[in-house]
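*Asks:* Sharing a structure, written as structure tokens. Questions coming.
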Amino acid sequence: MFSIEVTDLKKSYGSLKAVDGISFTVKQGEVFGLLGPNGAGKTTTIEIMEGLRERDSGEVKILGLDPWKEGYEVHKRIGVIPQEFTFFEKTTPKEAIKYYESLFDVKVDADAILKEVLLDEMEDHVFESLSGGQKQKTGLALSLVNSPEVLFLDEPTTGLDPNARRAIWEVIRKLKAKGKTIILTTHYLDEAQQLSDRVAIMDHGHIVAMGTTEEIIQQHGSGEHLEIQGSQQLADYIKENTELQVEYNKVKERIIIPLKKKIDMLAALAAAEQSGMHWGEIQTCQDSLDDVFIKLINEPLDEQGEDTEQKLHKRGRR
């Protein structure tokens, strides 16, 4: 059963095609990571799925409902934590939950929700006194007030220290264990690998890769390679005396050799030994999601910048 179905989705701002014909599905209980550089189309896609922005064309179904035409019904069944979540400064997390209770016209156990997001010890501290991680946990707590079936978490750990990030990860894992469907956008590729069942990498409005992180690495990565600590001269010797592909990283002083066959490693090490030159540490490595991302996008993620589409949205709201 699919919680989310997106088919040939398109959205433009003037001549800019922010989302250009993307399609994907998300199963019930799945964590789906949406990755991409600034301006890739992530924010536009998320806002359309949340029913906050109208699409130009294509189909979107959230729990079988059209988020634009049936937005009221959708909003009762989803939870959202936006980027850089903030709230009334003099309000405590427990008071914030009570306020959301009235908005959704529901009754919940505020203490249970705060415990679920690991914030029960801070229930009576005002929002302005909370740490960055605790503020994000408050946002998570509020997104759970209406017992949502689908959660949209937009950059939930940006700017947090490693301990706070991992605390948020723990909360997300617990929510997944309860069967929640989660859409996660993040600038941290290790976060996507840790939390997502599948990821989609977007660039210039298109999905350029989609699947599990292992599938994407296998399909788009360079495969296993051998790294030998040594000199340029040693790299040249190995290249001249074998049929191997040999590259040299001057910064790391590492010889890099793709391993197409198991015997390639033996050939490389035999040549290194035969050279009589000094060589040090050896290791076999495979591309990470970060390596593949850079190959596909050819530009690094900017953890602090704004998407081009976000800037366009802001201009439109003025």
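*Asks:* Give the residues of the range 267-298 that are open to solvent by 40 Å² or more (accessible area, probe 1.4 Å), closer than 30 Å to ILE201 by Cα and acidic (Asp, Glu), sorted by residue number.
*Replies:* ASP290, ASP291
*Asks:* Return a yes/no flag: does the range 184-193 have any residue that is of a type outside the set (D, E, K, R), in a strand (DSSP E or B), under 14 Å from the mean Cα position of the chain (by Cα) and assigned by TED's automatic domain parsing to the domain that holds ARG77.
*Replies:* Yes: the range 184-193 contains one or more residues that are of a type outside the set (D, E, K, R), in a strand (DSSP E or B), under 14 Å from the mean Cα position of the chain (by Cα) and assigned by TED's automatic domain parsing to the domain that holds ARG77.
*Asks:* Residues in the range 251-269 that are outside any helix (DSSP H, G or I), farther than 15 Å from GLY230 by Cβ and of a type in the set (A, V, I, L, M): how many?
*Replies:* Within the range 251-269, residues that are outside any helix (DSSP H, G or I), farther than 15 Å from GLY230 by Cβ and of a type in the set (A, V, I, L, M) number 1.
*Asks:* Another question about this same structure. Kindly list, by first and then second residue, each pair from a residue in the range 5-24 that is among the basic types (Lys, Arg) to a residue that is not in a strand (DSSP E or B), limited to pairs with Cβ atoms under 6 Å and residues at least 6 apart or on different chains.
*Replies:* LYS10/ASP56; LYS11/THR44; LYS11/ARG55; LYS11/ASP56; LYS17/GLY205
*Asks:* Just one of (1) in contact with a Phe, Trp or Tyr (Cβ under 6 Å, 6 or more places away or on another chain); (2) surrounded by 15 or more Cβ atoms within 10 Å (Cβ to Cβ); (3) assigned to a loop (DSSP other than H, G, I, E, B) trips up VAL80, so point out which.
*Replies:* Going through the list (1) in contact with a Phe, Trp or Tyr (Cβ under 6 Å, 6 or more places away or on another chain); (2) surrounded by 15 or more Cβ atoms within 10 Å (Cβ to Cβ); (3) assigned to a loop (DSSP other than H, G, I, E, B), VAL80 breaks only (3).
*Asks:* Is at least one residue of the range 58-76 farther than 19 Å from GLY179 by Cα, open to solvent by 30 Å² or more (accessible area, probe 1.4 Å) and aromatic (Phe, Trp, Tyr)?
*Replies:* There is at least one residue in the range 58-76 that is farther than 19 Å from GLY179 by Cα, open to solvent by 30 Å² or more (accessible area, probe 1.4 Å) and aromatic (Phe, Trp, Tyr).
*Asks:* Only one of these is in a strand (DSSP E or B), within 18 Å of LEU195 (Cα to Cα) and within 16 Å of the chain's Cα centre (by Cα): PHE24, PHE32. Name it.
*Replies:* PHE32
The values are calculated or read from the model by the stated rules, or taken from the named source; none is laboratory data. Treat the numbers as computed from the prediction; the structure is a model and nothing was measured. Backbone-built Cβ (ideal geometry, glycine too); neighbour counts: all protein chains shown. What goes into the accessible areas is simple: the full protein's heavy atoms, side chains included, and nothing from ligands, DNA or RNA. Shrake-Rupley method; radii C 1.70, N 1.55, O 1.52, S 1.80 Å.
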